[in-house]
C-alpha cells in the first residue's frame, strides 16, 4: 500500500541553535582560558585533555541534533 502523506521535520528552530551554541561556548571559553592563557578554569579545573574531550563531545551532540530528523 502506498502512503498518501509523508513529512520530514528537522530541528532547525532558532532558539534551539542559540541554546546549543551557548552550551558550546562553555568548553570553548574553558579551553581558551586554560590552554591559551594558562589560567585554571574553575575552582577545581579539569585537565587539558578533559577539556578537549568535553569540547569534542559537545560537538558530537550538536552534530547529532543537526543530523536528526522526524519522518512521518
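With only the Cα atoms considered, the chain has a convex hull volume of 98 Å³ per residue.
With N counted as the residues of segment 1-40, its alpha-carbon radius of gyration over 2.2 N^0.38 Å works out to 2.20. Top mean-square fluctuation among 38, 50, 30, Gaussian network model of the chain, C-alpha springs under 10 Å? With Cα springs under 10 Å in the chain, the top fluctuation among 38, 50, 30 is at 38. When the chain is treated as a Gaussian network with alpha carbon springs shorter than 10 Å, the biggest mean-square fluctuation among 36, 18, 61 belongs to 36. For the chain, set up a Gaussian network in which alpha carbons nearer than 10 Å are linked by springs, and say which option among 26, 49, 59 fluctuates the most. Evaluated over the chain, the most mobile residue of the options is 49.
Be a star and scan segment 1-41 for residues whose amide nitrogen sits under 16 Å from the point 7 Å along the Cα-to-Cβ vector of residue 72. Residues 3-12 fall inside that zone.
Just so you know, all these numbers are worked out from the coordinates, no wet-lab data involved. As the structure is a computational prediction, the values presented were derived from the model and not from experiment. Heads up, the Cβs are rebuilt from the backbone with ideal geometry, glycines too, and the neighbour counts pull from every protein chain shown.
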